[in-house]
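Input: a single structure, listed below in structure tokens.
Rule-based calculations on the coordinates, nothing more; no lab input. What you see is a predicted model, and the numbers here were worked out from it, not measured in a lab. Don't worry about glycine lacking a Cβ; one is built from the backbone with ideal geometry, like all the others, and counts go over all protein chains shown.
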Amino acid sequence: MANHGWMINLSDTIPVFSMLGNGAVSTTQIGKITKNECFADGAQIGAPWEGIDDPVYFLNAKNTMTFGVTKSSDYGNVVDFSAYASNGTSWVKVNTLERKVQYETRAHYADNTGDYILAPGSRVWLTSNCTRGDEHPNYVAVTKVQTADGEIIEFQGNGFIDLTYGGCWVNVGSILLRKA
């Protein structure tokens with residue numbers, strides 16, 4: 001998996017479990033990542049349990065980003081979010097990091113400064129590994145944005161947008177970002 005990045009599950013449902021104290025998968029299932037759903041790598045550099053199983057952040061049934069663990073053996077076809085984009089009904093392979101904003105959202109720096117409203121039709125450029133936010137795992141990093149009226153904001157470092165803003169689900173048909 002990409003370190004601290006967003007991914008897409010293109011295979012069957014992946015069960016998500018709570019984590020045992022040593023970082024291994026428990027037998028308590030806390031949710032699932034369905035086909036065509038996005039999720040974020042839950043790895044934490046320097047964590048004592050790193051490398052035991054695959055930690056993830058996923059959107060649970062209550063529409064809340066939740067930390068859990070998956071078994072590597074449950075992974076079928078998981079791909080990097082940066083290499084695919086939604087066309088509204090399916091994920092298609094793309095050769096660009098540019099995406100079109102489907103629903104209103106906000107872009108800002110990690111410290112929440114520089115708040116920019118992005119109306120539908122705005123554009124964002126993802127980072128190459130689609131870095132997630134550390135404190136807000138529902139955020140995805142962007143290098144620049146273009147508002148619907150054409151203003152371009154290039155971030156010094158990375159900016160972030162919230163993939164679950166306004167109650168959006170992180171699935172192919174309801175994802176905040178679409179193919180540009």
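Of the conditions (1) crowded, with 23+ Cβ neighbours inside 10 Å; (2) in a loop (DSSP other than H, G, I, E, B); (3) hydrophobic (A, V, I, L, M, F, W, C), residue 169 fails just one. Which one is it?
Unmet for residue 169, out of (1) crowded, with 23+ Cβ neighbours inside 10 Å; (2) in a loop (DSSP other than H, G, I, E, B); (3) hydrophobic (A, V, I, L, M, F, W, C): (1).
Provide a single number: the residues in the range 67-81 that are surrounded by 19 or more Cβ atoms within 10 Å (Cβ to Cβ) and under 23 Å from residue 167 (Cα atoms).
Total meeting the criteria: 2.
Out of curiosity, is residue 84 among the aromatic types (Phe, Trp, Tyr) and surrounded by fewer than 17 Cβ atoms within 10 Å (Cβ to Cβ)?
So residue 84 does not fit the description; no.
Look at the range 82-114 and say how many of its residues are assigned to a loop (DSSP other than H, G, I, E, B) and either touching a residue at least 24 places away in the same chain (Cβ under 8 Å) or under 15 Å from the mean Cα position of the chain (by Cα) (or both).
Total meeting the criteria: 12.
Give me the residue from the range 117-133 that is touching a residue at least 40 places away in the same chain (Cβ under 8 Å) and not aliphatic (A, V, I, L, M) and, out of that set, surrounded by the fewest Cβ atoms within 10 Å (Cβ to Cβ).
Per the stated criteria, the residue is 128.
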